[in-house]
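A short reminder: the numbers here are calculations on the coordinates, not readings from a lab. No experiment lies behind these values; they were computed from the predicted model shown. Here the Cβ is made from the backbone with ideal geometry for all residues, glycine too, and neighbour counts use every protein chain on show.
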Amino acid sequence: MAGTITGSRVLHRGRGIVKNKVNFTVDGSGDASVVNVGPLFGKLVAVDYDAGDLDTGVVITVKDKATGATVFSLSSAGTTDRHIRPTGVITDNVGVAVTALAASPNVNRDIYLSGLLTIVVSAGGSGGESGGLNFTVQEGLPATQQDQGLAQSYAI
């Protein structure tokens, strides 16, 4: 019997902020099935981890459905709720991750989403344990950037 994951497009949409809440329940093996979340378009601002009654060693992996690329993952996510600000390491022109150095320590960038996500949960317990993720995404440009673009377009 597979665990379950349920998602719902949610909470509010105002000033370009979209929140998506995803709850999951693990099966007897501690796993939950892959699920489609979204679609989500824009900058991933935050992920709130709701530990529920999941085991300490739970592993949660969030991937882009179209490419299969890992957006972010939580290893041994723990039993404490957390607020996460995920970022991605930049890559060079052949796709190799850039290593931070003393002269260039800032190699992390915002993560932008463009469609459906999938979630895989493993080692979450012995069956019936549940938890969740709340995604906060900023769709479109911030108002100040939109205003600047209009001002530049119509300046006389």
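When the range 59-81 is filtered for residues that are out of contact with any Asp or Glu (no Cβ under 6 Å at 6 or more places or on another chain) and in a loop (DSSP other than H, G, I, E, B), the ones remaining, listed by number, are Lys65, Ala66, Thr67, Gly68, Ala69, Ser75, Ser76, Ala77, Gly78, Thr79, Thr80. Restricting the first member to the range 21-39 and to residues that are assigned to a strand (DSSP E or B), and the second to residues that are buried (at least 20 other Cβ atoms within 10 Å of the Cβ) and among the aromatic types (Phe, Trp, Tyr), the beta-carbon pairs closer than 9 Å and six or more apart or on different chains are Lys21/Phe135; Val22/Phe135; Ala32/Phe24; Val37/Phe135; Gly38/Phe135.
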